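Only one structure is covered here, and it is reproduced in the block below.
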Amino acid sequence: MEFNLKAVCEQFVIKTDIESYGNGHINDTYMADAKPQIILQRINKNVFHNPHEVMENIYNVTEHLKKKIVERGGNPEREALNVIKTKDGKNYFQLDEDNFFRMYLFVTDSVSYDIVEDPIQLFHAGTAFGKFQNMLDDYPTDNLYETIVDFHNTPERVNQLKEAISNDLAGKLADVCDEVEFALEYADYKSVITDEIKKGTVPVRVTHNDTKLNNVLFDAKTGESVCVIDLDTVMPGSILYDFGDALRFGASSGTEDEQDLDKIWFDLEKFEQFAKGFLTEVKDCLTPKEIELLPVSALIMTYECGIRFLADHLNGDTYFKVHRENHNLDRARTQFKLVKDIESKLSEMKNIIEKYV
Ligand code: ADP
Ligand code: GN1
Ligand code: MG
């Protein structure tokens, strides 16, 4: 569907032409070199059924973050997302029943990465997500809508995969028997985090829940992290989700959709850099169970993402954006390769964690 984006920008009192931008899998993102530079996004209504609630969360969380950043002597226009309101004073513009747009200040002189070029970037990403966690430590969990129910409920994700297998909507099941077999074999890990949450040994905190490397912006000159973005899934969750998910993407030796699996392994140097940055910020607030589960959280989050990609492949690619045939299948395969490799490195990961807690 084509949109008159110029007219959409005018709703936010910005007169500009605008171009596609970034590599997110969910929303449609555009950037304009206007004054000020801005990001426009069409919120994915298929994924976020209630954009109003998403934007209320984001507005309240970013206001909270900006106060903290000012108290710490930082620059709130660069270190937090800044929601630009519409001419009617709203946090988003609703074009019609299905199409919701929001605008942010573009974080100036920033870049995001789809693959780690230098492990030090992961140290900076770890610091960014650790600081983000700290700044939201006193944000009340009951002040947040659950924008995607059961987002990191891995047992529920396994149920969704089983449903996709039995429906075989896209008729692809016969071609992915090996992947399905792997997914079902590794389902033994599915409840490791959720069981501890139920017991209360892993506390529910305000977490980001989508700590992919390209959801951190880095300073184009210094290479240090500037701002954590993509706040659609900020919800009550576990710190293990944020730790594990960041490593799933950041500590891989290759891109998420690499087709040559010989190029994919879990890089312990990258793991160590992220752990160092993250734990320097949060180690004092972790419970013993959280510390114990840090290594396996990388396995579980990678497994969960792998089965989500596989389920979407079987369902006919209705959730994640795809840019080629079998794109979700390629992504599932890299995740499963990583799961196996992480499993063989868990004891080394434990030793690394011990250095930083
Ligand atoms: P998605 O949910 O689709 O992943 P994101 O919010 O992560 O969407 O945005 C996609 C990409 O756009 C990011 O990875 C980043 O490169 C860029 N981006 C998003 N917001 C900003 C911003 N405020 N300033 C600079 N770049 C941004
Ligand atoms: C999506 O939006 P993006 O591209 O940052 C997804 C994450 C997945 C990730 C896999 C809301 O993240 O959960 O881990 O793709 N976000 C949502 O790359 O589903
Ligand atoms: Mg993103």
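Pairs of alpha carbons in segment 113-168 separated by more than 16 Å make up 69% of all such pairs. Gyration tensor over the Cα atoms of segment 1-128: the corresponding equivalent ellipsoid has semi-axes (square roots of 5 times the eigenvalues, largest first) of 25, 18, 16 Å.
What a 1.4 Å probe finds exposed on segment 120-356 is 47% carbon and sulfur by accessible area, rounded to a whole percent. When the surface is traced with a 1.4 Å probe over the full set of protein chains, Cys285 keeps roughly 50 Å² accessible. Every helix of 4 or more DSSP H residues in the chain counts as -39500 (n - 2.57), and over all residues that averages to -15000 deg cm²/dmol at 222 nm.
Magnitude of the charge dipole for the chain, about its Cα centre and with charges confined to Cβ atoms of Lys, Arg (+1) and Asp, Glu (-1), is about 880 debye. Within the assembled protein chains, the solvent-accessible surface assigned to His152 is about 10 Å², based on a 1.4 Å probe. Its alpha carbons considered, segment 256-316 gives a radius of gyration followed by a Dmax of 15.1, 44 Å.
Taking a quarter of the surface of the Cα convex hull of segment 126-210 gives a mean projected area of 7.8 nm².
Taken per residue, the accessible surface of segment 120-356 reaches 40 Å², heavy atoms only and a 1.4 Å probe. Residues Glu348, Glu117, Glu179 ordered from highest to lowest accessible area at a 1.4 Å probe: Glu117, Glu348, Glu179. Which value results for Rg/Rh of segment 1-42 when Rg is the Cα radius of gyration and Rh the Kirkwood radius based on the inverse mean 1/r? Using Cα coordinates only, the ratio equals 0.95.
Size of the chain: Rg and Dmax of its alpha carbons, in Å, are 19.9, 58.
For segment 305-357, the normalised intensity computed at q = 0.16, 0.19, 0.27 Å⁻¹ comes to -0.56, -0.65, -0.93 (log10 of I(q)/I(0), Debye sum over alpha carbons, equal scatterers, no solvent).
So which lysines can Lys45 reach, going by Cα to Cα under 23 Å and dropping same-chain residues fewer than 8 places off? Within reach: Lys6, Lys85, Lys87, Lys90, Lys212, Lys321. Sorting the segments 77-89, 248-260 by their mean number of nearby beta carbons within 10 angstrom, highest to lowest, gives 248-260, 77-89.
The values are calculated or read from the model by the stated rules, or taken from the named source; none is laboratory data. Computed from a prediction, not measured in an experiment: that's the story for all the values here. Please note: Cβ atoms are built from the backbone with ideal geometry, for glycine as well, and neighbour counts cover all protein chains shown. Surface areas here come from the heavy atoms of the whole protein model, side chains and all, with no ligands, DNA or RNA. Shrake-Rupley method; radii C 1.70, N 1.55, O 1.52, S 1.80 Å.
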